[in-house]
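K.L.:
Encoded as structure tokens, here's the structure I'll be asking about.
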Amino acid sequence: MILSGEKIRQKLGGDIVIDPFDPKYLNPNSYNLRLHNEMLTYEEVVLDMRKSNRVRRLTIPPSGIVLNPNQLYLGRTVERTETYNLVPMIEGRSSVGRLGLFVHVTAGFGDVGFCGFWTLEMFAVQPVRIYPGVPICQIFYHEIVGDIREYASDKYQHNRDIQPSLLFKELNPNAEREDPQRTFDFGTERFD
């Protein structure tokens, strides 16, 4: 079963943590999460699953930034969440989807016990201007049946920033441990 908005409110501070929480973003059965003002893009032309791929950090100015097609942008939510005894999931908002913006390419499914910011895998069908702080997606919660083993990944749990893929840790565990968050900060970058 999916929790209602009122049930989400009742579980705040217990099984559900949303920080910061603003009641105006509470929906009938979800809560809107906002887009942070930073994003990452990969620097590599060909991404390699077995390696830590270089990324570049972009700042979204108040005037917005245009996302171009055929480019993956990694963003994150303003809100940090924690979820216990429930399964958290995120979905793009329909208003955002109607602009041709995918908010998560495949990873909308969370795990019981996940604590951190949500990394958003954004992809635009056509050029679209986005803005920092916009309600970009919604989180909702499923009840879970059976014994619970909480999420305890050394890859993404308790993250503090946007998380590029760390799949290389699984596929190539003996690889040199480069910092996957190494970035090249070019300041405010515009694509218009």
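Since every read-out is calculated from the coordinates, none of them should be taken as a lab result. Everything numeric in this text was worked out from a predicted model, so none of it was measured. Reconstructed Cβ throughout: ideal geometry from the backbone, glycine too, with neighbour counts over all protein chains shown.
K.L.:
Loop only by DSSP, 16 or fewer other Cβ within 10 Å of the Cβ. Give me the GluC sites (Glu not before Pro) in segment 13-115 that pass, ordered by residue number.
P.N.:
Glu43, Glu44
K.L.:
Now a separate question. About the Cα centre of segment 1-58, how large is the charge dipole given +1 on each Lys and Arg Cβ and -1 on each Asp and Glu Cβ? Please answer in debye to the nearest 20.
P.N.:
40
K.L.:
Another one. Among Met49, Met89, Met122, which one moves the most in a GNM of the chain with springs linking Cα atoms closer than 10 Å?
P.N.:
Highest fluctuation among the options: Met49.
K.L.:
Another question, if that's okay. For the chain, modelled as a GNM with alpha-carbon contacts under 10 angstrom, which of Arg149, Arg34, Arg93 fluctuates the most?
P.N.:
Among Arg149, Arg34, Arg93, the largest mean-square fluctuation in the Gaussian network model of the chain belongs to Arg149.
K.L.:
By its C-alpha gyration tensor, with a ≥ b ≥ c as the square roots of the eigenvalues, how is the chain shaped: rounded for a/c under 1.5, else prolate for a/b larger than b/c, else oblate?
P.N.:
oblate
K.L.:
For the chain, what does the helix formula give at 222 nm: sum of -39500 (n - 2.57) over DSSP H segments with n ≥ 4, over the residue count, nearest 500 deg cm²/dmol?
P.N.:
-1500 deg cm²/dmol
K.L.:
Place a +1 charge on the Cβ of each Lys and Arg in the chain and a -1 charge on the Cβ of each Asp and Glu, then give the dipole magnitude about the Cα centre in debye, rounded to the nearest 20.
P.N.:
400
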